[in-house]
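Trainee: Structure incoming, see below.
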Amino acid sequence: MTNIKKISRALQWIFGLYLISSPLASLFFWVLSTFVPLKQTFMGNLFDQGMFEITVRALGKSYSLYGQDFSWNARFLGLLGDFAHDIFKWIAAFYVICLMKLYATGNLFSQKHAFYFKRIGQSLLFYGTFGLVAGDSILGIAVTFDNPVGQRLLSIGFGTPNVEMIVVSLMIILVGWVMLEGFKLRAEQELTI
């Protein structure tokens, strides 16, 4: 039991760090990076040498954000696309943190567990159906927004990553549903004489 509590606390911190750092990273790379001169700095040298790379996958290609001179409209669309892409993952991470809090206190089975599993599954389902599609579409517009008229692209795609995420999310929702039904059956048995 102590190992479960320790690991749950560690996972709380990891998912909490992800929940804080991911939106801040998107905000930095799309907006604040224009104000922070990275050229001729240690960090800029790491980017120049290829040790780090900030890329956006859109329209079947990877676009490097470092060194790109996007307009403010394109940057806003890029930030919006990143947020649309990741908002459902952030919601799922929030519910994972809530679930880990239950485990860290030694509460291994309750109706809250079933609720959190259901919410995690629903968040990932929305991520697979809407987040990936809308986010990638908006990012595609953002990276081609500064192109001349007629060379701007909009792409809407639904592929294997979407299907995989939908299958995983449905399995998680099923686990939550089974747990909830188990609690209902247990409550009925306790009332039976």
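We did not get these values from a lab; they are worked out from the coordinates using the rules stated. Computed from a predicted structure; not experimentally measured. With ideal geometry, Cβ positions are generated from the backbone for all residues, glycine too; neighbour counts draw on all protein chains shown.
Trainee: Label-point separation (nm) for Val149 and Ile14, each offset 7 Å from Cα along Cα-to-Cβ?
Mentor: 5.1 nm
Trainee: Now for a different question. Tell me, what HN-Hα J-couplings in whole Hz come from the Karplus equation 6.51 cos²θ - 1.76 cosθ + 1.60 at θ = phi - 60° for each residue of the stretch 153-166, using x for Gly and Pro?
Mentor: Working through the residues one at a time gives 10, 10, 10, 10, x, 9, x, 4, x, 5, 5, 4, 5, 5 Hz.
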